[in-house]
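What follows is a set of notes on a single structure, which appears directly below.
Nothing in this text is a laboratory measurement; each read-out follows from the coordinates by a stated rule. What you see is a predicted model; the values in this text were computed from it and never measured. Every residue, glycine among them, receives a Cβ derived from its backbone with ideal geometry; neighbour counts consider all protein chains shown.
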């Protein structure tokens, strides 16, 4: 019984053309459904953090809510990125184990790229949300203290 894993898909991807360039969009295209969902959630989190920041800084009056959401994104983004990366690496190693032959690093590179992309997106979300949280909190402090 032959396993149809990510390594088999990657093997056909790499052997189909001698010089296949890997871009972030190709990494997303060949990632599994869970990995794609994680990447989409991380990008949506970045967009939401910027949207909350713009909404909070553009209001001149009261500033209800939003700070806890940014704090959750700041802490949750890197965790979600790490979870997605570990899932990608787990699937990659399971596929490698089920192939039964030695594979060149070129075959495994897209799996590593997917894991690193998820880690990078998670860290980027944490940085964006952290900066947005700091800006919103300083605005709230200025308003409360009357400075």
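When each of the peptides 103-109, 32-38 is scored by how many other beta carbons lie within 10 Å of its residues on average, the order from highest to lowest is 32-38, 103-109.
Convex hull volume of the C-alpha atoms in the stretch 42-108, normalised per residue: 86 Å³. Based on alpha-carbon atoms, the Kirkwood radius and the radius of gyration of the stretch 73-144 give Rg/Rh equal to 1.30. Highest mean packing comes first when the peptides 128-134, 96-102 are listed by Cβ atoms within 10 Å, giving 128-134, 96-102. A straight line joining the Cα centroids of the stretch 20-57 and the stretch 110-147 runs 14 Å. The stretch between residue 142 and residue 90, if pulled fully straight at 0.36 nm per residue, gains 14.0 nm over its current Cα-Cα span.
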